[in-house]
1. Under 18 Å from the Cα of LYS69, which aspartates and glutamates turn up, not counting those fewer than eight places away in the same chain?
2. Calculate the spin-label point distance for GLN163 paired with GLN103, positioning each point 7 Å from the Cα along the beta-carbon direction, and give it in nanometres.
3. Given a Förster radius of 35 Å and the C-beta distance between ASN117 and THR40 as r, what FRET efficiency does 1/(1 + (r/R0)^6) yield to the nearest 0.05?
4. Going by C-beta contacts inside 10 Å, put MET47, MET82 in order with the fewest on the left.
5. Quick one: pull the percentage of alpha-carbon pairs in region 20-175 with a separation above 26 Å.
6. With unit charges on the beta carbon (Lys/Arg positive, Asp/Glu negative), name the residue among VAL63, GLY115, VAL97 whose Cα is farthest towards the positive pole of the charge dipole of region 20-175.
7. Given R₀ = 35 Å, FRET efficiency for THR147-THR61 by Cβ-Cβ distance, to 0.05?
Amino acid sequence: MKRTLAILATIVVASASNAQVFFNNINGSWESSAWTLQGTGFSNPQMTAARFTSTGTGIATDVTVAIRKQPGTGGSGTLSFMTDSGSDTLGTTLQTVAFTGVQDWTDPTPFTVSGFNVPVTAGSKYWLLVNPDAAFNGGWYVPLGATADLVAYKQGASPFNYQISTAGIKVEGVPEPMSVTALAIGAAGLLRRRMRAKA
């Protein structure tokens, strides 16, 4: 019995620790064009948001965005995880996380922002809003071959402008607790059958 519980505990821990990808259109190939990200220290400041549809249910913890900056400019800002209004516009903010250390144009490595704890549901639409700090001057790349959704941008005090397009996004996290529990129950049943078969 003790061995059964130990094996079961191992399965539960391993299942809970496995990352789940809720969305990913970053395929390593980006278009040369990018959505502008520019802070208030420049003449045309702009924040940009991109929408995605979650393919799974769980807790989003890490978001990778294909953003870059020009050398010599700031590499910090905030990334907000938001709902969709239901009318194809930005909804309410679920969580905002500050980031720093965005790479220059010459570095092809995607940039990951950690520290989120946002419940997501399969089939639901969400937005990611990048708000650059004052000294930030860069862009959010469009991945080649990605399915278009919606992108919104806001210049200065003007309202958001919505366009059919996309931007590089990868959202990861952990599966919903119910999925882990169901897996554990199934594993327990299999172990019990094996033990009965040996008896």
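Throughout, read-outs are computed from the coordinates displayed, never taken from laboratory work. Predicted model only: the values in this text are computed from it and were never measured. With ideal geometry, Cβ positions are generated from the backbone for all residues, glycine too; neighbour counts draw on all protein chains shown.
1. Excluding near neighbours in sequence, the set is GLU31, ASP104, ASP107, ASP133.
2. 2.5
3. Working: r = 29 Å, r/R0 = 0.82.
For ASN117 and THR40, the calculated efficiency is 0.75.
4. On the way: MET47 24, MET82 19.
Least crowded to most crowded, the residues run MET82, MET47.
5. Details: 2145 of 12090 pairs.
The share of Cα pairs beyond 26 Å in region 20-175 comes to 18 percent.
6. Checked the options; the winner is VAL97.
7. Details: r = 24 Å, r/R0 = 0.69.
It comes out at approximately 0.90.
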